[in-house]
Amino acid sequence: MKLYDLTTEYLHLLDVLEDEDASEEAIRDTMGMILEDITDKIEDCGKVLKQLRADAEALKAEKLRLASRQAAIERGEERLREAIRLAMAVTNQRKIKTGLFTFGLTKQNKVVLDVPEEALPIEFQNVTVKADTKALKEYLMRDEADLCGLAHFETVDTLTVR
């Protein structure tokens, strides 16, 4: 039986409990069966939750490993590009044609900052705003008041699996 079906049966049991014609023994038997089934299903769901968490952690570690490998490969590519550029510049060759590739040195204007990024006027900065919920929580806990409609505590149920 699926967890959804068990939940539906549990809701039906609540309706039966409100019915005064139902016998105590029938209610007890049905309730015991449903609660055992729900407990077993929830335990199985807990096992699946643990496996999903382990899979997510494994993927996170793999993602970091692959990101590190990607960065190393990209650094190697940049070093090789710079070595080719330097060799062409030293030998004063602006264009080299091979059987597969054509290499060329071109002039481009590159922006070089003379001041730190923070010293630039705001119109030349990209700014990302993100709420600091940790600081908000600490402030709300300390002052026990809302922030003039900006933030407040809201009680929510969260599932813990140990």
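What follows draws every value from the coordinates through simple rules; no lab data is involved. The structure presented is a predicted model; accordingly, all values stated were derived computationally and were not measured. Cβ atoms come from the backbone with ideal geometry, glycine included; neighbour counts cover every protein chain shown.
Quick notes on this one:
- With contributions of -39500 (n - 2.57) from each DSSP H run of at least four residues, the per-residue ellipticity at 222 nm computed over the chain stands at -21000 deg cm²/dmol.
- In segment 3-118, the C-alpha radius of gyration followed by the widest Cα-Cα span (Dmax) gives 34.3, 101 angstrom.
- Here is what passes the span test in the chain: the DSSP H helices with alpha carbon length of 18 Å or more along the helix axis and a Kyte-Doolittle mean of -0.5 or above are 3-18, 24-90.
- With R₀ fixed at 30 Å, the C-beta to C-beta distance from Asp132 to Glu74 puts the FRET efficiency at about 0.40.
- For segment 107-162, applying the loop criterion from DSSP together with a ceiling of 14 other beta carbons within 10 Å to the GluC sites (Glu not before Pro) yields Glu144, Glu154.
- The modelled label-to-label distance between Leu59 and Glu118, using points 7 Å beyond Cα along the C-beta direction, is 3.8 nm.
- Segment 108-162: chymotrypsin sites (Phe, Trp or Tyr not before Pro) in DSSP coil with no more than 13 other Cβ atoms inside 10 Å: Phe153
- Sorted by Cβ density within 10 Å, fewest first, the residues Val16, Val48: Val48, Val16
- Label point distance in nm, Arg162-Glu36, each placed 7 Å from Cα along Cα→Cβ: 2.7
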